[in-house]
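To start, the structure under review is shown below, and the notes come after it.
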Amino acid sequence: MGSAVLVGLILAAGLRGRLVGRLLGNVWPATIGGMCYSIYLWHMPVTNALGRLMPPRPAWMPRPLDLALHGALIVLAVLAFSAALFVLVERPCMRRDWPRRLAARLRHPAPTLAAPTLVAPPAEPAGPVA
């Protein structure tokens, strides 16, 4: 019981500190915290897909370096994929009126841009030469 109280006091002191306040007030932890559900849902599928695509460790590369490089690549890929899903799916669904907005968008899709043409238009015929 005494150790639980001690841990609680240490945590309370740490949370009131300037360093912890700066860390928790930073935009990155707050953004990643907002994306936590997307990260939770997609970290294993992205990790498995990248694990299948990554080449085996070269014989000259130390195992810790290989693990660090693969780990960094996986973390970046999971964060990028989760951020895209958070912005494109999760955040729009947080709005109270998302079903109405989705129905309106499905009824009236946004116009698409015309694809650029690769063929030059026909030349205008030359007028009569006098």
Exercise for review: Could you give log10 I(q)/I(0) at q = 0.19, 0.25 Å⁻¹ for region 32-118, computed by the Debye formula over C-alpha point scatterers of equal weight, without solvent?
Suggested key: -0.91, -1.15
Check your understanding: What full-extension length gain, to one decimal in nm, is calculated for residue 37 and residue 89 as 0.36 nm per residue of separation minus the Cα-Cα distance?
Key -> 17.6 nm
Review point. Exposure proxy check: 43, 108 ranked by fewest other beta carbons within 10 Å?
Key: 108, 43
Point to revise | Charge dipole magnitude, Cβ of K and R +1, D and E -1 - region 22-97, Cα centre, debye nearest 20 | key: 60
Exercise for review: Please turn the phi angles of region 41-56 into ³J(HN,Hα) values with the Karplus equation 6.51 cos²θ - 1.76 cosθ + 1.60 (θ = phi - 60°), one per residue in order, whole Hz, x for glycine and proline.
Suggested key: 5, 10, 5, 6, x, 5, 4, 5, 5, 5, x, 6, 8, 6, x, x
Revision key, fill the gap. Answer check: region 17-59, Cα atoms, Kirkwood Rh, Rg/Rh ratio of 1.26
Check your understanding: Quick one: if you stick a label point 7 Å off each Cα along the C-beta vector at residue 50 and residue 28, how many nm between them?
Key -> 1.6
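All of the numbers you see were taken from the coordinates with simple rules; none came from a lab. This is a predicted model, so every value here is computed, not measured. Glycine gets a Cβ as well: all are built from the backbone with ideal geometry, and neighbour counts include every protein chain shown.
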